[in-house]
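One structure is given here, and the rest of the page talks about it.
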Amino acid sequence: MSDLNAAPKTAADGAEPWTRREIFQQADTLRATQKLLAAEQDAIEAFTAPLLAKPELRIVLAGAGTSAFIGECLAATLAQATGRRVEAIPTTDIVSAPELYLEARTPTLLVSFGRSGNSPESIAAIDLADAHIADIRHLIITCNGEGALARRRGDDACVVMLPEATHDRGFAMTSSFSAMTYAALAIFSGIGTLGERNERIAQAVETVLAGTDTAMAALAARDFERVVYLGSGPFQ
């Protein structure tokens, strides 16, 4: 297993750049994320269990940019797992039109995803939810212990601070995306249950990534001008 906290050399040094390193460390960060969740399982479930016991609970998965895609990937799966109403709503939508997305009389769990945890719209979405919803709780999943979201404290909030290595320094969200997605999936489908699959998932990631360099180099050499991604449901 690689050292997740070792600082990589920069691309200028002729070594591995941040984004490539963060792509290839994902098996290790998934293992580290599960270890963290298992250590905090009692506290997390003490917060979520009373909320999930409410049949009328609404779960809103919120984030900005790539973090918003986490909610879109997970909403249908988590609705099935919890038997509750689960919706993915970007924080940019909540901030621009809170009256369209926030229901004052519906008990709500706002799940906020944030790599840095400092996006103004993510912070504003929480403030607006507090102002508009009578019964509101917050589950915050973030990768930056120094961010504003990580500093959110109180009886109405549970902060899941993921391993430091998941706080991607590259422009693309890689480890942060996969770790936050995994964390939410585990929290709502059962940390212990998903933990039994964690090593198999990590090994599958390693298998896929093992052939990536050769395959991507071959594709890059063909000089494509356009890329189209296809996917539906959780793969959208």
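Here are a few things to note about the model shown:
- Rounded tilt (10° steps) of 175-189 against the dominant C-alpha axis of the chain: 40 degrees
- Selection of trypsin sites (Lys or Arg not before Pro), the range 80-114, meeting DSSP coil and at most 13 other Cβ within 10 Å: ARG105
- For the pair ALA134 and ILE23, label points projected 7 Å from Cα toward Cβ lie 5.1 nm apart.
- Taken along its three principal axes, the alpha carbon spread of the chain comes to 56, 39, 33 Å, from the longest extent down to the shortest.
- Label-point separation, LEU100 to VAL227 (7 Å along Cα→Cβ), nm: 3.0 nm
- Surface share of carbon and sulfur [accessible, 1.4 angstrom probe, percent] for the chain: 55 percent
- With a simple spin-label model that places each label point 7 Å from the Cα along the Cα-to-Cβ direction, the separation between ALA76 and ALA210 comes to 3.2 nm.
- CD proxy at 222 nm, helix term only [per DSSP H run n ≥ 4: -39500 (n - 2.57); per residue of the chain; nearest 500]: -15500 deg cm²/dmol
- Remark: the range 104-193 carries 38 Å² of accessible area per residue (probe radius 1.4 Å; ligands, DNA and RNA excluded).
- Rounded tilt (10° steps) of 120-132 against the dominant C-alpha axis of the chain: 20 degrees
The values are calculated or read from the model by the stated rules, or taken from the named source; none is laboratory data. On a predicted model such as this, the values are computed, not experimentally measured, just so you know. Ideal geometry is used to build each Cβ from the backbone, glycine not excepted, and the neighbour counts take in all protein chains shown. Note: areas computed on protein heavy atoms with side chains; ligands, DNA, RNA excluded. Shrake-Rupley method; radii C 1.70, N 1.55, O 1.52, S 1.80 Å.
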